[in-house]
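Bear in mind these aren't lab numbers, they're just calculated from the coordinates by the rules spelled out. Small disclaimer: the values here were computed from a predicted structure and weren't measured. Using ideal geometry, Cβ is built from the backbone for each residue, glycine included, and neighbour counts are taken over all protein chains shown.
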Amino acid sequence: MSYIRHTIVSVQPGKKDAFLSQLTTQLDSIKTTAGLMGIRVVDAGNNRVVGTTVYDSKESADAASQRAAEVREGTQEFLTEAPFVREGEVAWGYIAEGVEGSPAMPGYARHLAVGYEPSKFEAMLAYLESQTGIYQSIDGLRRILVTPISGSEDHPQFRERIGNLDNRMIVTVGYDSKAQSEAARDKVNAFWKSMAEFLTGEPLVSEGEFVYGHSNR
């Protein structure tokens, strides 16, 4: 099962370009990490950046954790606080036909962090699997990944920002472009309403264009 590690950072005002330059150098050095399937970095606005690494298994992610920590430490001087790290195994995914092997850049991603009702989790996955026709009807949709998450519980501001730590997931939706993401918004919002029975609370959304992308697939 694929394993995802999301790292969310707050960059000091005026230092985002320098941060991204340093981050790019750091990420280029880990492209050949065993088990690494891909890297995406999103400029989420308001001096926030979301980095996502995908591995072929939790074991590969664990083996690479020290190197990942070194990447974070290498950019620490540009940040206003310690990074948030949230990670987990992918529970469900949709990948559009022809996406595998295509260039990672350019692109656009929306990450939605939301709670789920644990007693309905399997039913939710079955519902997601049944809606393939909707996904296929959205122009420019590349993939959807649903990942129950853990991590960063010891971050000093984690509880304040996230609230309930239990039964949370990140839903990552990737598009070819921001324009296609915007064009799909009404259809996607209607889909989220149909998911209401499975979810708890309002989603926290981080989204933006790719500023770095690499694939080993």
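Just a few scattered comments:
- 27 Å Cα cut-off, lysine pairs counted over the chain (separation 8 or more, or different chains): 11
- Degrees, to the nearest 10: 16-28 long Cα axis against longest axis of the chain: 90
- Structure-derived volume of the Cα convex hull per residue in Å³ - corresponding label in (i) 184; (ii) 162; (iii) 121: (iii)
- Using alpha-carbon coordinates, inclination of helix 65-74 to the longest axis of the chain, degrees: 60
- If the chain linking D28 and E117 were pulled fully straight, counting 0.36 nm for each residue of separation and taking away their Cα-Cα distance, it would gain 28.2 nm.
- Acute angle (nearest 10 degrees) that the helix 185-194 long axis makes with the longest principal axis of the chain, alpha-carbon atoms: 60
- Helical content alone sets the calculated 222 nm signal of the chain at -8000 deg cm²/dmol, taking -39,500 (n - 2.57) per DSSP H segment of four or more residues and averaging over every residue.
- The label point for D186 and the one for R217, both projected 7 Å from the Cα toward the Cβ, are 3.1 nm apart.
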